[in-house]
Amino acid sequence: MSTGAVIAVVLVIVVALIAVAAVLLVMDRSRKLQARFGPEYQRMIGAGENRRAVERELRDRERRHRELHVRPLAPEAHDRFAKEWADVQEAFIDAPQGAVADADDLVVRLMHERGYPTHDYDQRVKDLSVDHGHSLEHYRAAHDVLARAEERQATTEDLRSAMVHYRAIFEELLGRSSNVRPDDSEVRSDKPAPRPNSRQM
């Protein structure tokens, strides 16, 4: 085999190895994004978004998150927020809709205490997705119920479900793990809930 032929073969092999390495690198980045963002990654793909665009968006979220000053709670702040949450849960018995609004406000204030920007809901969701992608659907579901409640379109059961969802994201932000499921029923009233209708909300 001539020297030129050998060089050509070597170049083909090198190019092939570079191509394989590039594919493996892309696959590794995808796996890491899927592991970090969990359901949020799948939700965006399931919504019909292009995979490359999704991964570019998620990498942008990671870059923004690195510029934030997210911090754990001080012990006294942890205790204060835990006490406030207990008060909100107790208030649900007599004022479900007000308690849900208070729960939303408490989660936003907790985010602020942790160092997250809180001025815009959509941006809050994006920022939370980086470290809390596996619990983010709880926040979305709770916020959706709150929006419907403000339009007087949420039932008492909807409000109870929202409290469960808020508790899941609240406890994760607070620093406690939560195994809450959407049908968890820790938040309950000591008296029968009134028949929900548009006038009650």
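Here, each number is a calculation from the coordinates, and none is a lab measurement. Note that this is a predicted model, so its numbers are computed, not measured. Methodologically, a virtual Cβ is constructed for each residue, glycine included, from the backbone with ideal geometry; neighbour enumeration extends over all protein chains shown.
What the table below lists for this structure:
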quantity	calculated
Rough spin-label spacing in nm, given labels placed 7 Å along Cα→Cβ, for Glu90 and Glu57	4.2
For the range 40-93: Kirkwood Rh in Å [reciprocal of mean 1/r, alpha carbons]	14.6
Cα gyration tensor of the range 75-174 - equivalent ellipsoid semi-axes, whole Å, descending	21, 17, 11
Two-site FRET efficiency, Val108 against Ala47, from Cβ-Cβ distance with R₀ of 25 Å, rounded to 0.05	0.50
Distance between the range 90-141 and the range 147-174 - C-alpha centres, whole angstrom	10
Contour excess over end-to-end distance, with Cα ends at Ile7 and Lys83 and 0.36 nm allotted per residue	20.1 nm
For peptides 50-59, 145-154, sequence by mean Cβ density within 10 Å, most packed first	145-154, 50-59
Burial ranking of peptide ranges 93-99, 169-175 (average Cβ count within 10 Å, highest at the top)	169-175, 93-99
